[in-house]
Amino acid sequence: MNIRTPPIAVIAEDEPVLSRTLCRLLQEAWPELQIVGVAEDGLKATELALEHAPDVMFLDIKMPGRTGLEVAEAVADDWPDEKAEPLFVFITAYDEYAVSAFEHAAVDYMLKPATAERLQASVQRLKQRLAERADSPVDGGMASLMKRVQSISAPAAESPERIKIIRAGVGNTVRMIPLTDVICFEATEKYVNVVTATGEALVRMSLRELAAKVDSTDFVQVHRSVMVNTNSILSATRDENGHYSLSLRGLQRPLKVSRAFGHLFRAM
């Protein structure tokens, strides 16, 4: 187990005054930490993270482009296999999310405005976790991290209603689609696209909500925005960069598997 010297960080905060304050407090509390980038929106934060592969990311929850939670999901989805798992610290207002949600997800958080005392406590925890983490994520580690982050904004219901039929809108018609006919679910900005061999239809719910309602033995997540029917998977092909794509029964196009879920398709 190694700690990069010096450890590096990316900060994402859309309020310049708060961003400068956090940088100053970090320099005082953790002088050896190297801040390699400061982003004012979620898209830039994702770009900086995948460019620099930082040890730590400080993410404001509410930002233009992508929220801090969406940035963490995107980073976990495309994190390089050979890089040690990043540590996320979410910056949030008092009433946005329950503190217990962050604790359950095993990620750190700070309430606005950041104070020297609170930041010092966070720095100590981060240093300890950096000393303990592996040199690279274990198989499934980034997928697990992504799901923990997703649980912050959408904690799973204790007894979610299970469904066998998808009621999907196609124009003025509602199609009744048996789950067994679904090849995959693809999340868009406000809808989930239900893909079958005979066409596509939309349902107005998030992929996260839908995932809680279907049998996890029949559907598996392969990307932060895609779930596939395991019975439709014909093969998985690995390219020269280590990325997998799936060939699915009834679908004429390949489906990309993100790095976080690539471990599901390695040969036994």
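Taking Lys and Arg as +1 and Asp and Glu as -1, the other residues whose beta-carbon sits under 12 Å from that of Gln124 total +2.
Return a whole-number percent for the relative contact order of the range 186-268, with Cα pairs under 8 Å and 6 or more residues apart as the contact set.
On the way: 119 pairs, mean separation 16.9, N = 83.
Computed over the range 186-268, the figure is 20 percent.
Annotation: extensible slack from Gln34 through Lys213 equals 60.1 nm (criterion: 0.36 nm per residue apart, minus Cα-Cα distance). Rg/Rh, computed from the Cα trace of the range 10-82 with Rh as the Kirkwood radius, has the value 0.96. Between Gln124 and Glu189, the simple spin-label model (points 7 angstrom out along Cα→Cβ) gives 4.5 nm.
Report, to one decimal in Å, the Kirkwood hydrodynamic radius for the chain based on all distinct Cα pairs.
On the way: mean 1/r = 0.0501 Å⁻¹.
About 19.9 Å, per the Kirkwood formula over Cα pairs.
The share of accessible area on the chain that comes from carbon and sulfur is 51 percent, using a 1.4 angstrom probe. With a cut-off of 20 Å on the backbone N, the residues of the range 235-259 near the modelled label site 7 Å out from Ser144 along Cα-Cβ are 258-259. On the beta carbon distance between Ser247 and Ala267, with R0 = 22 Å, the FRET formula returns roughly 0.90.
Tilt of helix 16-29 relative to the longest C-alpha principal axis of the chain, in degrees (0 to 90, nearest 10)? Helix 16-29 sits at roughly 60 degrees to that axis.
So what is the accessible area of the chain per residue, in Å², with the probe set to 1.4 Å? Before the final figure, lay out the partial values.
Working: 13870 Å² over 268 residues.
Roughly 52 Å² per residue, with all protein chains present.
Quick check: residue separation of Lys112 and Ala131 times 0.36 nm, minus the Cα distance between them. What number comes out in nm?
On the way: separation 19, 0.36 × 19 = 6.84 nm, distance 2.72 nm.
Between Lys112 and Ala131, full extension yields an extra 4.1 nm.
Defining a contact as two alpha carbons under 8 Å apart and six or more residues distant in sequence, what relative contact order in percent does the chain show?
Details: 479 pairs, mean separation 38.8, N = 268.
Contact order relative to length: 14 percent.
Tell me, what is the FRET efficiency for Glu82 and Cys23 to the nearest 0.05, using R0 = 35 angstrom and their Cβ-Cβ distance as r? Intermediate results must be reported in sequence, preceding the final value.
Details: r = 29 Å, r/R0 = 0.82.
Once the sixth-power term is evaluated, E becomes 0.75.
Pairs from the table (Lys44/Lys147; Lys62/Lys213; Lys127/Lys147) lying more than 25 angstrom apart at Cα are Lys62/Lys213.
For the chain, the longest principal axis of the C-alpha atoms and the axis of helix 42-52 are separated by about 70°.
Remark: C-alpha extents of the range 129-268 on the principal axes read 57, 36, 25 Å, sorted largest to smallest.
The values are calculated or read from the model by the stated rules, or taken from the named source; none is laboratory data. Quick caveat, the model's predicted, so the values are computed rather than measured. Positions of Cβ are backbone-derived with ideal geometry, glycine not excepted, and every protein chain shown enters the neighbour counts. With ligands, DNA and RNA removed, areas are computed over all heavy atoms of the protein, side chains included. Shrake-Rupley method; radii C 1.70, N 1.55, O 1.52, S 1.80 Å.
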